[in-house]
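Below is one structure, written out as structure tokens; the observations come after it.
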Amino acid sequence: MTTALQLLIRRRSGIHGRQNATGWLFIAPVVIILGLFLALPVAMAAWVSVSDWTGRGSPFSAATNFVGTENYSAILSGGGLAERDFGTALRNNFYYVILTVPLQTALSLLLAVLVNRRILKGRGFFRTAFYFPSVTSSVAITVLWLFLFSASGVVNKLLALVGVAGPNWFQDPNGVLHLIAGSLGVTTPPATLASNTLLGVSWWEWLSGPSVAMSAFILMAVFTTSGTFMLLFIAALQNLRGELEEAAMLDGASGWQRFWYVTLPMLRPTLFTVITLGLIGTWQVFDQIYTGTQGGPAKTTLTPAYLSFSTAFNNQQWGQGAAIGFLLFAIIIFFAIIQRLILRERTTVPRRKRFNPPPPKGGTK
Amino acid sequence: MARTRTLKMITGAAAVVGALALSACGSGFSSPATSGSADAAGSGPISVLIGSSGEAETTAVKSAVADWSKTSGTEASVAVASDMVQQLSQGFASGKPADVFYVSTDQFSGFAANGSLEPYGDSLANKDDFYPGLAKAFNYDGKLYCAPKDFSTLSLVINTDKWAAAGLTDADVPTDWDGLASAAKKLTDGPTTGLAFSPEIARIGAFFPQAGGSFVSEDGKTATLNSPENVEALGFVKSLLTDGTAKYSSDLGAGWGGEAFGKGLSAMTIEGNWIGGALSKDFPDVKYRTVELPAGPQGKGTLQFTNCWGIAADSKNKPAAKKLVEQLTSTQSQIGFAKAFGVMPSVQSAAAEFKSEFPAQAASLAGAEYAQTLPSQPGAADVIKDLNAKLATLKTSDPKTILDAVQTEMTAVLAK
């Protein structure tokens, strides 16, 4: 008893207690700011997503009622336009992510390796040039892109030089995979694909691939973000120790082997960062859509982030808009976990990655 | 021990943050004003929020409001919105919206349904002067919510140089669908397409009433989108597109019909009155004339577009706001707006003066007699958006399939 009491007193008046209080005092501004501008809006949005708030007055007023999962079920199983729009937006964004993230990661790594070479002259110039699109506002780049990819724009003029009739990029709603299927003679969907639906969108539509318009956005995303991620990779590359590379050289590894078996594994933490940031950024794509196409043509550039905005602001369906936001959050978390599982450190080196595969053991297997 | 303390600290901090945040919230949001305060005397300055088409409109509205401010003695200011819907929504949510503002037909029902708009229309002095078709667009639950600001109708715009070059005369001006198809065919020449219009129902929909069709029934309760008349109309548009005598402006690399027309990519287009201002600004050398849209099998038909002057239910000075709207929709003000930025007055008493002042726009005004409005019921804007998405591929789709799909959607929306 006494010891416990003494302990309590000592803690209350002791040096550690004061330290704690001081610590909290120091972090209080951040806690308050984060709470006010992060935790509270999130909590409010969570409430709105399960309420019938109409957008007038406070969402906490008596006029707003709790409606449970009504907003979520309208989006996920309502059978109406809301469900189909969400399905379409997911489809569009899925193709955007699945193409943009690998492309931008590979390109940024390539650029980083190129400009990191000591023998390259004018490295500073190239680094600046490659990084330039990243510091330009995405709205400005979108406008530039609309001009470049217009029906009679520079891109189509260049394509015409090599005898290719370019598409009317931002007005073309045809899916790339559908176009490929069409060129192979498949123009009408197989009955099973056309009749079965997921989230109100038929499987044939799910398999459309990104539309031509979305492809232009994908190219733009790769163009603008590669510079940023190149910077991360350069920083990581310069942290690598030269000895390992030399040791690999002495072992007789070729340039490609040195990159694939030595450099790349050591870049794993950066690779993780780049892919995570890429996934988050691409699932949240909004500015380009808002300034560029507003979801058109034929809703093929509609994304969940833009759909959330337009559902809330244009249609006054604030609950559904907030619900889409939370579903998007869940999707991003899901993909982040998946890629974490794939990229996690393994304690053993897989056999195919070993320089010197262990000699087969004698006897039968 | 230490852990509990930390936990307590965290809880305490969280509570403080929560309290702070809630108090901040309390000042940010205000509860909606109770109903019945409409007649209460208000006070304070009036703020007007407009979504302007350009410098000319901004200047005209600003000077009209300043004039009213001078005679009424109430302070008033005009702000131009960069994103009208977003700024209005933010205003309504915070309880401090602009007092008077533009409301478009597709936004109208959403704002009326959530109680953001003051239903002042029925008490306006000049209520009966508005075109009935326009007033109907701003009816919700049987009440006229806001006063139509002005309006535009679609008509056929013809490039007179290309018309003459194709050997066509005044006698060839199309009065029916066959005339339109043959004129478009004769005008199609090399890079020039006979007819171009934007790939949206706000243009293509003009053919629906010409075939005797409509979007929703007279009482606004039943969807009539997949009627045989509409299928016929859409089939006609599709035949023009597949012939290559008509093209979507987007397929010509233009942002809208007016741009395709101005650039000479098309010899005719279907556009509203606003094309006059756009052409004189961007393509002053293009010579053109405007005629009524050709009649279909069931007579003439066109679409009209309008905005209204909304008054916020949360406005602090509703009586003054109403006075201001009365002034802005008066015959004289509207003639002034028509001169400044080319819109048509929403009041019938201004028709005669408008006609004598702008003889070139007689066709547009004539359209007011039989024009239809796109449905403005809550949720209808979404269906229209979906229809537009489907129309993008009209050339390769079946008109009936398209209309059947949107019929289902519209029925679901109207049932709510």
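What are the residues in region B:366-396 that are touching a residue at least 24 places away in the same chain (Cβ under 8 Å), surrounded by fewer than 18 Cβ atoms within 10 Å (Cβ to Cβ) and under 24 Å from B:Ser239 (Cα atoms), if any?
Hit for region B:366-396 is B:Lys395, nothing else.
Specify the residue that is nearest to A:Asn196 (Cα to Cα); the eligible residues are those in region A:61-85 that are in contact with a strand residue (DSSP E or B) (Cβ under 9 Å, 6 or more places away or on another chain) and of a type in the set (A, V, I, L, M, F, W, C).
If we take residues in region A:61-85 being in contact with a strand residue (DSSP E or B) (Cβ under 9 Å, 6 or more places away or on another chain) and of a type in the set (A, V, I, L, M, F, W, C), then A:Val67 is nearest to A:Asn196 (Cα to Cα).
Within region B:324-336, is even one residue touching a Pro at 6+ places or on another chain (Cβ under 7 Å), in a strand (DSSP E or B) and not acidic (Asp, Glu)?
no
Tell me, please, whether a residue that is surrounded by fewer than 23 Cβ atoms within 10 Å (Cβ to Cβ), out of contact with any Ser or Thr (no Cβ under 8 Å at 6 or more places or on another chain) and over 20 Å from B:Ile46 (Cα atoms) can be found in region B:313-330.
No, region B:313-330 contains no residue that is surrounded by fewer than 23 Cβ atoms within 10 Å (Cβ to Cβ), out of contact with any Ser or Thr (no Cβ under 8 Å at 6 or more places or on another chain) and over 20 Å from B:Ile46 (Cα atoms).
Looking at (1) closer than 30 Å to B:Ala66 by Cα; (2) more than 21 Å from the chain's Cα centre (by Cα), which one does B:Met344 not meet, given that it meets all the others?
(2) is the only condition that B:Met344 fails.
Sort out for me the helices (runs of 4 or more DSSP H) sitting completely within region A:1-106 that have 1 or more residues that are modelled with pLDDT of 85 or more and on the phi < 0 side of the Ramachandran plot.
Passing ranges, in order: A:15-34, A:40-49, A:70-77.
Given the conditions (1) buried (at least 18 other Cβ atoms within 10 Å of the Cβ); (2) of a type in the set (Gly, Ala, Ser); (3) over 28 Å from B:Ala113 (Cβ atoms), report the number of the one that A:Ala336 does not fulfil.
(1)
Identify all residues within region A:31-74 that are farther than 28 Å from B:Leu117 by Cα and of a type in the set (A, V, I, L, M); write none if there are none.
A:Val31, A:Ile32, A:Ile33, A:Leu34, A:Leu36, A:Leu38, A:Ala39, A:Leu40, A:Val42, A:Ala43 - these are the residues of region A:31-74 that are farther than 28 Å from B:Leu117 by Cα and of a type in the set (A, V, I, L, M).
Looking at A:Gly163, A:Gly185, A:Gly209, A:Gly175 in this structure, which one is buried (at least 18 other Cβ atoms within 10 Å of the Cβ), of a type outside the set (Ser, Thr, Tyr) and on the phi > 0 side of the Ramachandran plot?
Of A:Gly163, A:Gly185, A:Gly209, A:Gly175, the one residue that is buried (at least 18 other Cβ atoms within 10 Å of the Cβ), of a type outside the set (Ser, Thr, Tyr) and on the phi > 0 side of the Ramachandran plot is A:Gly209.
Residues checked against (1) at positive phi; (2) within 14 Å of another protein chain (Cβ to nearest Cβ); (3) hydrophobic (A, V, I, L, M, F, W, C):
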| position | (1), (2), (3) |
| --- | --- |
| B:Met344 | no, no, yes |
| B:Lys355 | no, no, no |
| B:Asn388 | no, yes, no |
| B:Ala415 | no, yes, yes |
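Being assigned to a loop (DSSP other than H, G, I, E, B) and β-branched (Val, Ile, Thr) is the filter; apply it to region A:159-188 and report the residue that is farthest from the other protein chains (Cβ to nearest Cβ).
Residue satisfying both the conditions and the ranking: A:Val162.
Looking at B:Val286, is it surrounded by fewer than 24 Cβ atoms within 10 Å (Cβ to Cβ), of a type in the set (Val, Ile, Thr), modelled with pLDDT of 90 or more and in a loop (DSSP other than H, G, I, E, B)? First the steps, then the outcome.
Working: surrounded by fewer than 24 Cβ atoms within 10 Å (Cβ to Cβ): yes; of a type in the set (Val, Ile, Thr): yes; modelled with pLDDT of 90 or more: yes; in a loop (DSSP other than H, G, I, E, B): yes.
The answer is yes for B:Val286.
When you scan region A:202-225, do you find a residue that is out of contact with any Gly (no Cβ under 9 Å at 6 or more places or on another chain) and among the charged types (D, E, K, R), even just one?
no
Give, as residue ranges, the helices (runs of 4 or more DSSP H) completely inside region B:35-135 that count at least 3 residues that are away from chain A (no Cβ under 11 Å) and buried (at least 18 other Cβ atoms within 10 Å of the Cβ).
Fully inside region B:35-135 and qualifying: B:55-72.
Does at least one position in region B:151-169 carry a residue that is closer than 24 Å to B:Gly367 by Cα and surrounded by fewer than 19 Cβ atoms within 10 Å (Cβ to Cβ)?
There is at least one residue in region B:151-169 that is closer than 24 Å to B:Gly367 by Cα and surrounded by fewer than 19 Cβ atoms within 10 Å (Cβ to Cβ).
Give just the number: which of (1) assigned to a helix (DSSP H, G or I); (2) surrounded by fewer than 20 Cβ atoms within 10 Å (Cβ to Cβ); (3) over 18 Å from the mean Cα position of the chain (by Cα) does B:Leu279 not satisfy?
It is condition (2) that B:Leu279 fails.
The values are calculated or read from the model by the stated rules, or taken from the named source; none is laboratory data. What you are looking at is a predicted structure, and each value in this text was computed from that prediction instead of being measured. Neighbour counts run over all protein chains shown; Cβ positions are idealised from the backbone, glycine included.
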